Amino acid sequence: MVARGARPIGNADAVPPGAPRWGSEWKKAYTHAFQNGTFIFNQGTSFSHDECYLDLDPEYTDANGDPLIRVTFDNNENDRRIAKFTEDKAVEIGKAMGAKIVNGFDTAAVNYGPYLPYNNHTISGALMGLDPKTSVLNRYQQSWNVHNVFVLGASSFPNNAGYNPTSTIGALSLWTAKSIIDQYVAKPGPMVGMPA
């Protein structure tokens, strides 16, 4: 669970069911809910699966006429079950805390694509791994095929573990930058031996 902080507009959903949706009575209900309510934020994940992939778009191109990357993504049944499980746990925790009103999110009724509650850090696309047959990048975030290309960011992860990936991205970026300075600049080339 993550503390979301005081978000005056985002927290407007905390107004209890049955409260007016506008006007002075809504303001009173919102003020009370804002000062006395909270959210229990839960987040699942979307593991890698064959139905989600990147390819070159057959129709759309960039300014140079090169095809754009196309993302094909949808939550599968496992993603939906993870979202439902975490949502049910959040409701259970809210009730155990003694909350007077606990509203869950109906995960079955809505398909937000990558935003199924709450998995909005869809990543991957240039996987890091030990073998160029199954990955794009080596452990230094260096392309297996083009040694002077380094890809920094969450595209090297197969999926998001549930927390924001920013700290891990930062750590890997520092690792890569240090490796480029200490190793690659002195001897350009693959920083990891190619498997036989």
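The values are calculated or read from the model by the stated rules, or taken from the named source; none is laboratory data. All of these numbers come straight from a predicted model, not from anything done at the bench. Positions of Cβ are generated from backbone atoms using ideal geometry, with glycine treated the same way; all protein chains shown enter the neighbour counts. Each accessible area value is taken on the protein alone, full model and side chains, heavy atoms only, with ligands, DNA and RNA left out. Shrake-Rupley method; radii C 1.70, N 1.55, O 1.52, S 1.80 Å.
Yes or no: Asp57 more than 21 Å from Asn75 (Cβ to Cβ), among the charged types (D, E, K, R) and assigned to a helix (DSSP H, G or I)?
So Asp57 does not fit the description; no.
Go over the candidates Leu130, Leu152 one by one and state the one that is touching a helix residue (DSSP H, G or I) at 6+ places or on another chain (Cβ under 7 Å) and open to solvent by 60 Å² or more (accessible area, probe 1.4 Å).
Leu152
So, Ala90, is that one within 30 Å of Asp55 (Cα to Cα) and among the small types (Gly, Ala, Ser) or not?
no
Would you please name the residue that is modelled with the highest pLDDT, looking only at residues in the stretch 30-41 that are part of a helix (DSSP H, G or I) and surrounded by 17 or more Cβ atoms within 10 Å (Cβ to Cβ)?
Tyr30
Looking only at the stretch 14-27, how many residues end up being surrounded by 13 or more Cβ atoms within 10 Å (Cβ to Cβ) and outside any loop (DSSP other than H, G, I, E, B)? I'd like the intermediate steps shown before the answer.
First, the residues of the stretch 14-27 that are surrounded by 13 or more Cβ atoms within 10 Å (Cβ to Cβ): 14-16, 19-20, 26.
Filter once more, keeping what is outside any loop (DSSP other than H, G, I, E, B): 14, 26.
Number of matching residues: 2.
Would you call Gly44 surrounded by fewer than 17 Cβ atoms within 10 Å (Cβ to Cβ), small (Gly, Ala, Ser), within 24 Å of the chain's Cα centre (by Cα) and at pLDDT below 80?
Numbers: surrounded by fewer than 17 Cβ atoms within 10 Å (Cβ to Cβ): no; small (Gly, Ala, Ser): yes; within 24 Å of the chain's Cα centre (by Cα): yes; at pLDDT below 80: yes.
When the stated conditions are applied, Gly44 does not pass them.
Out of the residues in the stretch 60-70 that are open to solvent by 100 Å² or more (accessible area, probe 1.4 Å) and part of a strand (DSSP E or B), which is modelled with the highest pLDDT?
Out of the qualifying residues, it is Tyr60.
Give the residues of the stretch 73-94 that are part of a helix (DSSP H, G or I), open to solvent by less than 60 Å² (accessible area, probe 1.4 Å) and not charged (D, E, K, R), sorted by residue number.
Initial filter on the stretch 73-94 (part of a helix (DSSP H, G or I)): 77-94.
Among the residues that remain, those that are also open to solvent by less than 60 Å² (accessible area, probe 1.4 Å) are: 79, 82-83, 86-87, 90-91, 94.
Those that are part of a helix (DSSP H, G or I), open to solvent by less than 60 Å² (accessible area, probe 1.4 Å) and not charged (D, E, K, R): Ile82, Ala83, Thr86, Ala90, Val91, Gly94.
Looking only at the stretch 164-186, count how many residues are in a loop (DSSP other than H, G, I, E, B) and free of Cβ contacts under 8 Å to residues at least 24 places away in the same chain.
2
May I ask you to list pairs of residues, at least six apart or on different chains, whose Cβ atoms are under 9 Å apart, with the first in the stretch 67-91 being touching a residue at least 60 places away in the same chain (Cβ under 8 Å) and the second being open to solvent by 60 Å² or more (accessible area, probe 1.4 Å) and of a type in the set (A, V, I, L, M, F, W, C)?
Going by the 9 Å Cβ cut-off, the qualifying pairs are Ala90/Met1; Ala90/Phe39; Ala90/Phe105.
What about Ile69, is it closer than 30 Å to Leu127 by Cβ and β-branched (Val, Ile, Thr)?
It is true that Ile69 is closer than 30 Å to Leu127 by Cβ and β-branched (Val, Ile, Thr).
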